[in-house]
1. Considering only segment 193-212, state which residues are over 13 Å from Phe38 (Cβ atoms), small (Gly, Ala, Ser) and in a helix (DSSP H, G or I).
2. From Ser214, Ser180, grab the single residue that is among the polar types (S, T, N, Q) and closer than 30 Å to Asp50 by Cβ.
3. Among the residues that make up segment 195-208, is at least one of them over 25 Å from Pro44 (Cα atoms) and either touching a His at 6+ places or on another chain (Cβ under 6 Å) or in contact (Cβ under 8 Å) with a residue 12 or more places away in the chain (or both)?
4. In segment 167-180, what residues are farther than 16 Å from Gly14 by Cβ, out of contact with any Pro (no Cβ under 9 Å at 6 or more places or on another chain) and open to solvent by 30 Å² or more (accessible area, probe 1.4 Å)?
5. Taking segment 52-62 as the search range and keeping residues that are in contact with a strand residue (DSSP E or B) (Cβ under 6 Å, 6 or more places away or on another chain) and open to solvent by less than 50 Å² (accessible area, probe 1.4 Å), which one is nearest to Ser113 (Cα to Cα)?
6. Condition test on Ser207, is it more than 16 Å from the chain's Cα centre (by Cα), open to solvent by 10 Å² or more (accessible area, probe 1.4 Å) and more than 20 Å from Glu78 (Cβ to Cβ)?
7. For segment 17-35, how many residues are modelled with pLDDT of 95 or more, open to solvent by less than 70 Å² (accessible area, probe 1.4 Å) and not small (Gly, Ala, Ser)?
8. With respect to the numbered conditions (1) in a strand (DSSP E or B); (2) closer than 21 Å to Gln213 by Cα, which one is the sole condition not fulfilled by Asn149?
Amino acid sequence: LILFIGNGAWAQQGLYMEEHEAKPYYFGITLAASKTKFHTEPHPYFLDQDSVMVAEPLTSGGFALGLLATARLSNRFEARFNPLLMFAERNIFYKLKYPDMDLGTDVTKRVESVIVTFPVHVKFNSDRIGNFRVYMLGGGKLDYDLASNAQARKADDLIKIKKLDYAVEAGLGFNFYFPSFILSPEVKFSNGLGNIHSRDEALKYSSVMDRIQSRMIVFAIHLEG
């Protein structure tokens, strides 16, 4: 409501970047913050053992930066490629029956990731209202985790995560036109489809987990020209 009410007055100004609508393609940069977590499914072994009583994923923060390339398909539709370098941390909380020597019975395992992500989206644009526009997007992405520990040597406290992941995405954004650039705040939801857990039955914290999938909410600011 604030966006639309504020634009009632803004729409009365002269149109900025009118030539932009005729460009077949354009570029930009992205700055983003994220809320990330794992979606987990317990392994049948979880019910058979009596060491780990609780295993729950926690929500953590992250940030990303990257590039943006958009190609115009029609007056309404655009194709977008938005590669990002993302720094994220996804944690799992464990409640143990028998205290860990150093950590006690409440243990949080931190899985730090440095992800190169390659999202491809199709955007659907509304009519331009003065210097303002709304858009929706949907698509998918491929992630490569540079900090993956799937090949690490055995250690009792590891949660091993695979390098490759893929996900579907959907989001909503706004274009604010200025004399020399377009400011585009956006929120995007991402659901991983693959199982990124490299389960090892010899590892205490890994053996109780079967599937681990990624979940992410990304709040981005795009600067486009």
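The values are calculated or read from the model by the stated rules, or taken from the named source; none is laboratory data. Computed from a predicted structure; not experimentally measured. Here Cβ is always computed from backbone atoms with ideal geometry, including for glycine, and neighbour counts include all displayed protein chains. Note: accessible area is taken over every heavy atom of the protein model, side chains too, but ligands, DNA and RNA are not part of it. Shrake-Rupley method; radii C 1.70, N 1.55, O 1.52, S 1.80 Å.
1. The answer is Ser207, and nothing else.
2. Working: Ser180 fails: closer than 30 Å to Asp50 by Cβ.
Result of the check over Ser214, Ser180: Ser214.
3. Initial filter on segment 195-208 (over 25 Å from Pro44 (Cα atoms)): none.
No, segment 195-208 contains no residue that is over 25 Å from Pro44 (Cα atoms) and either touching a His at 6+ places or on another chain (Cβ under 6 Å) or in contact (Cβ under 8 Å) with a residue 12 or more places away in the chain (or both).
4. Hits for segment 167-180 are Val168, Ala170, Leu172.
5. Gly62
6. Spelling it out, it is not the case that Ser207 is more than 16 Å from the chain's Cα centre (by Cα), open to solvent by 10 Å² or more (accessible area, probe 1.4 Å) and more than 20 Å from Glu78 (Cβ to Cβ).
7. Number of matching residues: 2.
8. The one condition Asn149 does not meet is (1).
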